Amino acid sequence: MAQHNETGKQGEAAAVRFLQENGYEIVATNYRYQHAEIDLIAKKGKLLVFVEVKTRSNLSYGQPEEFVSYTKAKLVMKAAEHYVFAHDWLHDIRFDIVAVTLAGANLRINHIEDAFA
């Protein structure tokens, strides 16, 4: 497996742990709809959170969250809309980014709530 794929998997695992430690229940991972994918779908009370996880092993080119493009955000929103209707979700939703930096043994997580607003 390519190194960037392994880094991404480590980042997603770290994001899952972080969210669970902060009271979120993970309801889906890698949810796909057409060409769109949502990395994590989490629930906290009556709030459903669609999470894009971005992981970097160094910050030479910028912070991980800077790599969530407008196009990616639109695809996540499209898949989220499908999920909401397919699961008859009638409560609030939010779009977050969990930015993970894996630099050697150091792990840094930046949780950005309401990132697509």
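Where a number appears in this text, it was derived from the coordinates with a stated rule and is not lab data. Note that this is a predicted model, so its numbers are computed, not measured. Because the Cβ atoms are built from the backbone with ideal geometry, glycine has one as well, and the counts that use them run over all protein chains shown.
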Practice task
State whether one or more residues within segment 47-58 are outside any strand (DSSP E or B), under 19 Å from HIS111 (Cβ atoms) and either in contact (Cβ under 8 Å) with a residue 60 or more places away in the chain or touching a His at 6+ places or on another chain (Cβ under 6 Å) (or both).
Solution key: no
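Each row is one residue, and each column tells you yes or no for (1) in contact with a helix residue (DSSP H, G or I) (Cβ under 8 Å, 6 or more places away or on another chain); (2) of a type in the set (Ser, Thr, Tyr); (3) farther than 16 Å from VAL16 by Cβ; (4) surrounded by 19 or more Cβ atoms within 10 Å (Cβ to Cβ).
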site: ALA36; (1), (2), (3), (4): yes, no, yes, no
site: SER69; (1), (2), (3), (4): no, yes, yes, no
site: ARG94; (1), (2), (3), (4): no, no, yes, no
site: VAL100; (1), (2), (3), (4): yes, no, no, yes
Practice task
For ALA80, state whether it is more than 16 Å from GLY11 (Cβ to Cβ) and either among the aromatic types (Phe, Trp, Tyr) or buried (at least 19 other Cβ atoms within 10 Å of the Cβ) (or both).
Solution key: yes
Handout entry: Subset of segment 42-67 that is within 20 Å of ARG32 (Cβ to Cβ) and of a type in the set (D, E, K, R) - its residue that is surrounded by the most Cβ atoms within 10 Å (Cβ to Cβ)
Key = GLU52
Fill in the blank from the handout: Filter segment 5-39 for residues that are of a type in the set (Asp, Glu) and in a strand (DSSP E or B); the one that is nearest to ALA86 (Cα to Cα) is GLU37
